[in-house]
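Visitor: There's a structure below that I have some questions on.
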Amino acid sequence: MSSAAMKAVKGMAIGAAVGVAAGVVGSKLMNSKSMSKGKRMIKKKATKALDTMGNMIDTASYMFK
């Protein structure tokens, strides 16, 4: 693989790791009892954000083909 491609792969891996960490923290917050109001709206926005990220990754992978 070329150097630019390796940098791109490393960047995606770091981004995925940060996303997983944020997901774990968010999950812990959502499961706490102190945050009962607004959970539905937060879950809805998180679902939309994940869907958008999935679409962006699909588009990026299509561009690399």
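The values are calculated or read from the model by the stated rules, or taken from the named source; none is laboratory data. Please read all numbers here as calculations on a predicted model, not as lab measurements. All Cβ positions, glycine included, derive from the backbone under ideal geometry; neighbour counts span all protein chains shown. Ligands, DNA and RNA are excluded from the accessible area calculation, which covers all protein heavy atoms including side chains. Shrake-Rupley method; radii C 1.70, N 1.55, O 1.52, S 1.80 Å.
Visitor: Of all residues in segment 25-52, which are open to solvent by 80 Å² or more (accessible area, probe 1.4 Å) and at pLDDT 80 or above?
Guide: We begin by selecting, within segment 25-52, every residue open to solvent by 80 Å² or more (accessible area, probe 1.4 Å); these are 25, 28-29, 31, 33-34, 36-37, 40-41, 43-45, 47-48, 50-51.
Selection gives V25, K45, T47, K48, L50, D51.
Visitor: Here's something else I'd like to know. What pairs can you find where one residue is in segment 14-29 and over 15 Å from L50 (Cα atoms), the other is open to solvent by 90 Å² or more (accessible area, probe 1.4 Å) and of a type in the set (F, W, Y), and their Cβ atoms are less than 9 Å apart, with a gap of 6+ or different chains?
Guide: Sorted first by the residue in segment 14-29, then by its partner, the list stays empty.
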